[in-house]
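The numbers here are math on the coordinates, done by the rules we state, and not lab data. Keep in mind it's a predicted model, so treat the numbers as computed, not measured. Using ideal geometry, Cβ is built from the backbone for each residue, glycine included, and neighbour counts are taken over all protein chains shown.
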Amino acid sequence: MQRLEYALVWLIVKTVGALPRPLARTAGISLAWLVYLLHARLRRVGMRNLGMAFPQKSRRERARILRGVFTSLGRQLGEVCLFPKYTRENVSKVVVYDGFENFERALSRGKGVLFLTAHLGGWEISSFAHSLYGHPLHIVMRSLDNSYLDGLMRRYRTMHGNTTVDKDDFVRGLLSAMKAGETVGILMDTNMTPPQGVFVDFFGIPACTASGMARIALRTDAAVVPGFTVWDPALRKYRLRFDPAVKLVRTGNDEDDVVANTALFTKIIEEYVRRYPAQWLWVHRRWKTRPEGEAGLY
């Protein structure tokens, strides 16, 4: 079964990747819409999440956002299939920097950079483009269940100098990278379980959230730089936006500071999701883990 899944994905990647960019995006969006139409569970999860996050919006408005999510996912799929075609010379046709000086300033401190990001817009494109522009980084990732697909994704993600850090080796990998003054990208918007996660508010609802970034930042004094790659319809390309480094909360109480900074990072992600709701991964069960004694939300 793993080989069959791999063969199907490989066929899609190679077929879409052989198309010109506008057609590749269209093909990716078409495939994503097919998933939207066929996958009722994803639609249910998406609408449930949107209902909790935006109770003031009508069902029609939430459905429009959800359809936009699949358009965003499909657009990114098309671009990922085109990764082998992109070079330092042509990547600006796909992604442009916005606020690069914020990243540059943080990197110059020499204590490492933690790239705070989320499953928003073109998250796969951000690290790829950043490496093509001459700034390779370490990517924290969980191995995919399908070993063949895992290998395919690792090859695409590391084409231009990026390296992967397995979640099982999270702490050691990050400490080593920070000591060397390097950059690590962390997607910090997925559901976690204790003790790796702590509960902080996300859209006003307690969400179990990875605390590793806060722990590493407090321990190493690495700069935490928010970075999000969003689709800009006016430019017809992605903007890789870097914000100024986050000022960490330091009260002297280690555990309180971990929770406070995790909440701060999550608030930054929420602000971006509110700004670009149709580009975030609403089909993920973000609030699956509940505080002890609280009923499930799905």
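Worth a mention:
- Close Lys-Lys pairs in the stretch 2-279, where close means Cα under 12 Å and separation is 8 or more or interchain: 4
- Packing rank of 201-207, 190-196, 280-286, where each peptide gets the mean count of other beta carbons within 10 Å, highest leading: 280-286, 201-207, 190-196
- Rounded to the nearest whole Hz, the Karplus-based 3J(HN,Hα) values (6.51 cos²θ - 1.76 cosθ + 1.60, θ = phi - 60°) of the stretch 39-50 follow the sequence 9, 5, 4, 4, 5, 5, 5, x, 5, 5, 4, 5, with x at glycine and proline.
- Converting phi to 3J(HN,Hα) with the Karplus coefficients 6.51, -1.76 and 1.60 and the offset θ = phi - 60°, the stretch 135-140 yields 10, x, 9, 8, 10, 7 Hz in sequence order, with x at every glycine or proline.
- DSSP loop GluC sites (Glu not before Pro) with at most 16 other Cβ within 10 Å: longest gap in the chain: 90-291
- Amide H contacts under 5 Å for Leu120, placed H, 5+ residues apart: none
- Put simply, the amide H of Tyr238, placed in the peptide plane, has neighbours under 5 Å in Val95, Val96, Asp232, leaving out anything fewer than 5 places away on its chain.
- Global geometry of the stretch 2-279, whether rounded, prolate or oblate, following the gyration tensor of its Cα atoms and the 1.5 cut on a/c: oblate
- Relative protection proxy for 139-150, 239-250, from highest mean packing down: 239-250, 139-150 (other beta-carbon atoms within 10 angstrom).
- Three-way shape call for the stretch 240-298 based on the alpha-carbon gyration tensor, with the a/c threshold at 1.5: oblate
- ³J(HN,Hα) computed for each position of the stretch 281-298 - Karplus, 6.51 cos²θ - 1.76 cosθ + 1.60, integer Hz, glycine/proline x: 7, 5, 7, 8, 7, 5, 9, 5, 6, 10, x, 4, x, 9, 5, x, 9, 10
- Using just its DSSP H runs of length 4 or more, each adding -39500 (n - 2.57), the chain gives a mean residue ellipticity at 222 nm of -15500 deg cm²/dmol after division by all residues.
- The stretch 192-298 shape via C-alpha gyration tensor axes, a/c threshold 1.5: oblate
- A Gaussian network model of the chain, with springs between Cα atoms under 10 Å, assigns the largest mean-square fluctuation among Gly151, Gly78, Gly46 to Gly151.
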